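The values are calculated or read from the model by the stated rules, or taken from the named source; none is laboratory data. Bear in mind the structure is a predicted one, so any value in this text is a computation, not a measurement. As a convention, Cβ positions derive from the backbone with ideal geometry for all residues, glycine included, and neighbour counts pool all protein chains shown. What goes into the accessible areas is simple: the full protein's heavy atoms, side chains included, and nothing from ligands, DNA or RNA. Shrake-Rupley method; radii C 1.70, N 1.55, O 1.52, S 1.80 Å.
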Amino acid sequence: SEYVQIRAIHTQAGKECAQLLLETAADVVQFYRREFGFYPQPFLSIIPGGMVTPSGGFNFATSVMGIHGQERFHEKSAQFWRWITAHEIGHQYWGEYVLERDVPGWLWIGLGLYMDREYARSRGLGDSIHVGMMKRYTDGVAKGVDTTVDRPSEQLQEIDFDHNNIVIHGKGFSIISALELVLSPQVFRQAFQRAL
């Protein structure tokens, strides 16, 4: 079908945020369909996240994403809310459609970040969030943490630093960005499309 049904479930306090998320999600799905050829599901539901602070989001299941802190909408910029929407919808491709078990975490997160970076660039949202992702990784290196990307699960349980932000998001996106530079944006996009 050419239509994707999008809905945002919210609390009364989160209504203003949910409206922006809903409008953004419609724009993101349209952009991703144009850029990447398809959206993997006929619907998308946005639900409140479990955290009170506006600190990100998660994919609860295929076609269901949670966004944290909607009730505290004004603590973050519209740029943040638009980016996190694009970011979580990117995981509907890399992480839900292309299943997490088939792809290493840093790789599918990095590929999802590539998608939301393309959206951010197209909508003039700036690059501060993506530069910040890379900075988390370089700051981790400066602190001397072990940023090895592929580690056995028993080692992951012993990590005492923010592995998700420093390695999975920060280094994962840095690797994808370096690969794009080495291959050229055109060749990278061809490989990306083929993999997707």
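Name the single residue, out of those in the stretch 74-126 being under 14 Å from the mean Cα position of the chain (by Cα) and among the charged types (D, E, K, R), that is modelled with the lowest pLDDT. Looking at the filtered set, the residue picked out is 100. The set of residues from the stretch 65-103 being open to solvent by 30 Å² or more (accessible area, probe 1.4 Å), more than 25 Å from residue 122 (Cβ to Cβ) and not in a helix (DSSP H, G or I) comprises just one member, 99.
Of all residues in the stretch 122-176, those that are hydroxyl-bearing (Ser, Thr, Tyr), open to solvent by less than 60 Å² (accessible area, probe 1.4 Å) and assigned to a loop (DSSP other than H, G, I, E, B) total 1.
The requirement of being acidic (Asp, Glu) and under 22 Å from residue 181 (Cα atoms) is satisfied by residue 139. Scanning the stretch 104-121 for residues being closer than 19 Å to residue 57 by Cβ and either open to solvent by 60 Å² or more (accessible area, probe 1.4 Å) or not small (Gly, Ala, Ser) (or both) gives a total of 11. A single member of 116, 146, 102 is more than 16 Å from residue 40 (Cβ to Cβ) and among the charged types (D, E, K, R), and it is 146. Consider residue 186 carefully, then state whether it is open to solvent by 70 Å² or more (accessible area, probe 1.4 Å), more than 30 Å from residue 42 (Cβ to Cβ) and either in contact (Cβ under 8 Å) with a residue 24 or more places away in the chain or not hydrophobic (A, V, I, L, M, F, W, C) (or both). Here the answer is yes, as residue 186 does meet what is asked.
Any residue at all in the stretch 31-52 that is under 24 Å from residue 192 (Cβ atoms), acidic (Asp, Glu) and open to solvent by less than 20 Å² (accessible area, probe 1.4 Å)? The answer is no; no qualifying residue exists.
Every test in (1) modelled with pLDDT under 90; (2) more than 11 Å from the chain's Cα centre (by Cα) is passed by residue 59 save one, and that test is (2). For the stretch 1-30, a residue qualifies if it is touching a residue at least 24 places away in the same chain (Cβ under 8 Å), in a helix (DSSP H, G or I) and open to solvent by less than 80 Å² (accessible area, probe 1.4 Å), and the qualifying residues are 17, 18, 20, 21, 22, 24, 25, 27, 28, 29.
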